[in-house]
Amino acid sequence: MSSVNLAEVATFFTNGGAMIGEVRDILGGLHLSIVPFDDELAYDCAGLRPVTKHLGLSLGDRACLALAKREVLPVLTADRVWSELDIGVEVRLIRGNR
């Protein structure tokens, strides 16, 4: 997970009222591998903007995709619109059809 996406997840918890110490404990218990959002990822993320703009993907979305592309890993998402992407990243939906 990129550090940008860690910030998004941590923000989700703090918006729900959790204290940052609690968030650290919760996320720390997951033993996630956090990858710094470096220059290379920043440029790759920016390069994804033109091909994802029509789908409304956020900076965080593109940060996730840029990391997956670099590491040649699939992305997991509940956002169905990602399945429309053709950027060389495997997209796995985590929810079935409803």
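The values are calculated or read from the model by the stated rules, or taken from the named source; none is laboratory data. The structure displayed is predicted, hence computed values, not measured ones. Heads up, the Cβs are rebuilt from the backbone with ideal geometry, glycines too, and the neighbour counts pull from every protein chain shown.
The rows are residues; the columns are (1) among the acidic types (Asp, Glu); (2) crowded, with 17+ Cβ neighbours inside 10 Å; (3) in a helix (DSSP H, G or I); (4) out of contact with any His (no Cβ under 9 Å at 6 or more places or on another chain).
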{"position": "Ala18", "(1), (2), (3), (4)": "no, no, no, yes"}
{"position": "Ser33", "(1), (2), (3), (4)": "no, no, no, yes"}
{"position": "Cys45", "(1), (2), (3), (4)": "no, yes, yes, yes"}
{"position": "Val51", "(1), (2), (3), (4)": "no, no, yes, yes"}
{"position": "Arg70", "(1), (2), (3), (4)": "no, no, yes, yes"}
{"position": "Ile87", "(1), (2), (3), (4)": "no, no, no, yes"}
{"position": "Arg95", "(1), (2), (3), (4)": "no, no, no, yes"}
Of the conditions (1) without any contact (Cβ under 8 Å) to a residue 40 or more places away in the chain; (2) closer than 23 Å to Arg95 by Cα; (3) surrounded by 15 or more Cβ atoms within 10 Å (Cβ to Cβ), Pro74 fails just one. Which one is it?
(3)
Only one residue in Ser58, Ser83 is over 20 Å from Val4 (Cα atoms) and polar (S, T, N, Q), so which one is that?
Ser83
For the list (1) in contact (Cβ under 8 Å) with a residue 24 or more places away in the chain; (2) over 14 Å from the mean Cα position of the chain (by Cα); (3) surrounded by 14 or more Cβ atoms within 10 Å (Cβ to Cβ), I need the number of the one condition that Glu8 fails.
(2)
Hey, does the range 67-82 have a residue that's at pLDDT 95 or above and of a type in the set (Gly, Ala, Ser)?
yes
Restricting attention to the range 72-84, which residues are in a helix (DSSP H, G or I) and either among the small types (Gly, Ala, Ser) or at positive phi (or both)?
Ser83
